[in-house]
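What follows is one structure encoded as structure tokens, with my remarks underneath.
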Amino acid sequence: MYLLSESHKSLKNDISGKFISKMLYLEPNKVICPASGDCMNLCLKQIGRMKFKNPRNARLERTKLFFQDRKLFLAKLDVEIKELKMTAEKQNKTALVRLNGTSDIDWIGYSVIKNNPSVWFYDYTKRVDLYKKFLLCKNDPLKKNAWNYPDNYHLIYSFSEKSRLSDVYDFLFNNGQIAIVFKKIPHSWKGFEV
């Protein structure tokens, strides 16, 4: 069983041709997605091939391994990331990994990102605590060094019905990035350019 899967279509068809990307899909639940709301019902797990039996079984097996043998899970994940890096280098590309494809785990607490400094990692989060820490480290080099926050990790806050506007404003005023779903993309949102 592989832990990392092909990334979704938009990254797989990277028009710049600079990246080879993989994503970790776990079976979402309230433990690994603690700040989820309505998105649990609208999750990626229910779109395209993700809704079928084999992908769901793979997500369940990965999630089971994550909870039952974390050490093995992390070792296996580290090997797969290193293999992706080697493949990318052979093609003169950059390895790009999204660890929270269908989860919202604080990966900074594990060594997998720090163990792979030449691989780029990015995630979306609904967790205010994670995003606040990311922005503090992004905007304050002293905090970044003190907390040993990795340079190769980027986080985007994912707006939801649970988001407090005061947090969102704070993030935007501190050079944060917010992902918001719109039916029709407006020119601005709450006074901010879209």
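The values are calculated or read from the model by the stated rules, or taken from the named source; none is laboratory data. All values derive from a computational prediction rather than experimental measurement. We place every Cβ from the backbone using ideal geometry, glycine too, and count neighbours over all the protein chains shown. These accessible areas exclude ligands, DNA and RNA; they are computed on the full protein's heavy atoms, side chains included. Shrake-Rupley method; radii C 1.70, N 1.55, O 1.52, S 1.80 Å.
Any residue in segment 39-60 that is touching a strand residue (DSSP E or B) at 6+ places or on another chain (Cβ under 8 Å), at pLDDT 90 or above and open to solvent by 10 Å² or more (accessible area, probe 1.4 Å)? Checking segment 39-60: not a single residue is touching a strand residue (DSSP E or B) at 6+ places or on another chain (Cβ under 8 Å), at pLDDT 90 or above and open to solvent by 10 Å² or more (accessible area, probe 1.4 Å). Return a yes/no flag: does segment 168-190 have any residue that is under 22 Å from Pro28 (Cβ atoms), in contact with a Lys or Arg (Cβ under 8 Å, 6 or more places away or on another chain) and either open to solvent by less than 40 Å² (accessible area, probe 1.4 Å) or charged (D, E, K, R) (or both). Within segment 168-190, not a single residue is under 22 Å from Pro28 (Cβ atoms), in contact with a Lys or Arg (Cβ under 8 Å, 6 or more places away or on another chain) and either open to solvent by less than 40 Å² (accessible area, probe 1.4 Å) or charged (D, E, K, R) (or both). Scanning segment 146-158 for residues that are farther than 24 Å from Ile81 by Cα and open to solvent by 60 Å² or more (accessible area, probe 1.4 Å) gives a single hit, Ala146.
Output the residue which, of all residues in segment 78-119 that are of a type in the set (A, V, I, L, M, F, W, C) and touching a residue at least 60 places away in the same chain (Cβ under 8 Å), is surrounded by the most Cβ atoms within 10 Å (Cβ to Cβ). Walk me through how you get there before you give the answer.
To start, the set of residues in segment 78-119 that are of a type in the set (A, V, I, L, M, F, W, C) comprises 79, 81, 84, 86, 88, 95-97, 99, 105, 107-108, 112-113, 119.
Imposing the further condition that a residue be touching a residue at least 60 places away in the same chain (Cβ under 8 Å) reduces the set to 81, 84, 88, 95-97, 99, 105.
Numbers: Ile81: 23, Leu84: 19, Ala88: 21, Ala95: 22, Leu96: 20, Val97: 29, Leu99: 22, Ile105: 20.
So, considering only residues that are of a type in the set (A, V, I, L, M, F, W, C) and touching a residue at least 60 places away in the same chain (Cβ under 8 Å), the one surrounded by the most Cβ atoms within 10 Å (Cβ to Cβ) is Val97.
Counting only helices (runs of 4 or more DSSP H) wholly contained in segment 75-194, the ones carrying 3 or more residues that are within 24 Å of Cys33 (Cα to Cα) occupy 128-139, 165-173.
Leu65 versus (1) at pLDDT 85 or above; (2) under 18 Å from the mean Cα position of the chain (by Cα): which is the lone unmet condition? Going through (1) at pLDDT 85 or above; (2) under 18 Å from the mean Cα position of the chain (by Cα) one by one, Leu65 breaks only (2).
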